[in-house]
Amino acid sequence: MYKAHARHLLTIAFAVYLVAGIIQAVFGVLGPVGALLAAVVSIVAGFLLQATLVKAVEDVRDGRVDLSFGETLQAARPAVGRVAVASILAGLAIGIGLVLLIAPGLYLLTIWCLIVPVIVLEGAGTTEAFSRSRELVRGFGWQVFGTLVLVFVVMLAVGLVLGIIFSALPTAAANFVSSIVSGTLVSPFLALVLTLGYFRLLAAHGGARVEEAPPYPAS
């Protein structure tokens, strides 16, 4: 499915990262205040992209693209605030768990991995998303954890390769280009894994919203 709709998903990710990157670069030359504004832009763009890509993956599950780039953004926009709050809360809790004992952080990462799809696709509230994600993962924790480990390995490998490729550039340029390229490549893949995982777990629990995923060609 990633191959079948790579152009659409990559275009969405590239557009968001490019616009955000340009705005960050402009703010970056304005001193400490500019750096703060650049950080805010980066955070908002990240949450917007998460919500938009989840919506885009849902859109292409039937084998065709029904929503344009603008329509996808518009459809995802109402969920961005809840995605931001839930992601920040989850990130803090998972981070604390990883720092303290590692295992609790990994456990929370596993049971809360679907909070963004749940918010975007079900319209769940911020707190409801946590319990709903845990409910969907229940009974499939090890499979979900294994998938997350594989995703992390892929993301790490992409980051290392890009770091080597762009190492010859000046530091500022390397960071700018690498962040756009890595984000463009990795974000759609992550959204695809989590969104399809959401639908498959929904089906496993007898969810009424799930349709049988259409077959996709291997190339």
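Can you work out ³J(HN,Hα) from phi for every residue in the range 122-134, in order, using Karplus 6.51 cos²θ - 1.76 cosθ + 1.60 and θ = phi - 60°, giving whole Hz and x for Gly and Pro?
Along the range 122-134, the couplings run 10, x, 5, x, 4, 6, 4, 4, 5, 5, 5, 4, 4 Hz.
Apply the a/c threshold of 1.5 to the C-alpha gyration tensor of the range 37-150 and tell me whether it is rounded, prolate or oblate.
Oblate, because a/c is 1.5 or more while a/b does not exceed b/c.
Report the one residue of THR195, VAL40, ILE180 whose Cα lies farthest in the direction of the positive end of the charge dipole of the range 6-204 (charges on C-beta: Lys and Arg +1, Asp and Glu -1; origin at the Cα centre).
THR195
If you place +1 on the Cβ of every Lys and Arg and -1 on the Cβ of every Asp and Glu, how big does the dipole about the Cα centre of the chain come out, in debye to the nearest 20?
The calculation lands at about 180 debye.
Restrict the search to the range 20-69; then list the trypsin sites (Lys or Arg not before Pro) that DSSP places in a loop and that have at most 11 other Cβ atoms within 10 Å of their Cβ.
Here the trypsin sites (Lys or Arg not before Pro) that fit, given the DSSP loop and packing criteria, are ARG64.
Using only Cα atoms, find the angle between the long axis of helix 80-100 and the longest principal axis of the chain, and express it within 0 to 90 degrees, rounded to the nearest 10.
Helix 80-100 and the main axis of the chain meet at about 90 degrees.
When the Karplus curve 6.51 cos²θ - 1.76 cosθ + 1.60 is applied with θ = phi - 60°, which whole-Hz ³J(HN,Hα) does each residue of the range 146-161 get, with x for Gly and Pro?
Per-residue couplings from phi come out as x, 5, 5, 5, 4, 4, 4, 4, 4, 4, 5, 5, 4, x, 5, 4 Hz.
Using a 10 Å Cβ count of at most 16 others and DSSP loop calls, identify the longest part of the chain lacking such GluC sites (Glu not before Pro).
Longest run free of exposed loop sites: 1-210.
Residue by residue through the range 174-182, what is 3J(HN,Hα) from phi via Karplus (6.51 cos²θ - 1.76 cosθ + 1.60, θ = phi - 60°)? Round to whole Hz and write x for glycine and proline.
Using θ = phi - 60°, the values come out as 4, 5, 5, 5, 5, 5, 5, 5, 5 Hz.
Among rounded, prolate and oblate, which fits the range 124-179 when a ≥ b ≥ c are the square roots of the eigenvalues of its C-alpha gyration tensor, a/c under 1.5 means rounded, and a/b larger than b/c means prolate?
oblate
Give me, ordered by chain and number, the residues 5 or more places off TRP112 or on other chains with an amide H under 5 Å from its own placed amide H.
Residues meeting the criterion, in which the H sits 1.01 Å from N, do not exist here.
FYI, it's all coordinate maths here, none of it is from the lab. Computed from a predicted model, the values in this text were never measured in an experiment. So basically every Cβ, Gly included, is an ideal-geometry build from the backbone, and we count neighbours across all protein chains shown.
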